[in-house]
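This report refers to the structure that appears directly beneath it.
The values are calculated or read from the model by the stated rules, or taken from the named source; none is laboratory data. Bear in mind that the values here come from a model prediction, so they are computed numbers and not experimental data. Positions of Cβ are backbone-derived with ideal geometry, glycine not excepted, and every protein chain shown enters the neighbour counts.
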Amino acid sequence: MNINKLLEKKDWHYDVYQENNNIILSVPIPKPAPGFDVIYTLNEYEKEKYLQIGIKALEERIQDMNVNYYDYQMNSWR
């Protein structure tokens, strides 16, 4: 059973949530149609930095997810 705990959210920019011992970043992208949530599980270094300084630690990752979304897990909005 997975328990998701929302840690942080900025509508239409990102969601950060905890699932078990992982921190997961979700970035919504409207294109390609019908739109997707791009999903990434933080590695240990990213997780530590996020816990220390917050979302600022993930700015480059979020930018990469918006540009190179095919390199990540994608969940369709349909």
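Residues in the range 8-42 that are aliphatic (A, V, I, L, M) and either over 22 Å from Trp77 (Cβ atoms) or more than 9 Å from the chain's Cα centre (by Cα) (or both): 4 in all. Looking at the structure I just gave you, is Tyr45 aromatic (Phe, Trp, Tyr) and closer than 19 Å to Ser76 by Cα? No, not satisfied.
Quick check on my filter: what residues within the range 1-26 are modelled with pLDDT under 95, in contact with a strand residue (DSSP E or B) (Cβ under 8 Å, 6 or more places away or on another chain), part of a loop (DSSP other than H, G, I, E, B) and not hydrophobic (A, V, I, L, M, F, W, C)? Listed by number, the list holds a single entry, Asn2. Residues in the range 7-42 that are hydrophobic (A, V, I, L, M, F, W, C) and either touching a residue at least 12 places away in the same chain (Cβ under 8 Å) or under 18 Å from Lys56 (Cβ atoms) (or both): Leu7, Trp12, Val16, Ile23, Ile24, Leu25, Val27, Ile29, Phe36, Val38, Ile39, Leu42.
The set of residues in the range 52-78 being over 16 Å from Phe36 (Cβ atoms), out of contact with any Lys or Arg (no Cβ under 9 Å at 6 or more places or on another chain) and touching a residue at least 12 places away in the same chain (Cβ under 8 Å) consists of Gly54, Arg61. For the range 27-71, the tally of residues that are in a loop (DSSP other than H, G, I, E, B) and surrounded by fewer than 17 Cβ atoms within 10 Å (Cβ to Cβ) stands at 8.
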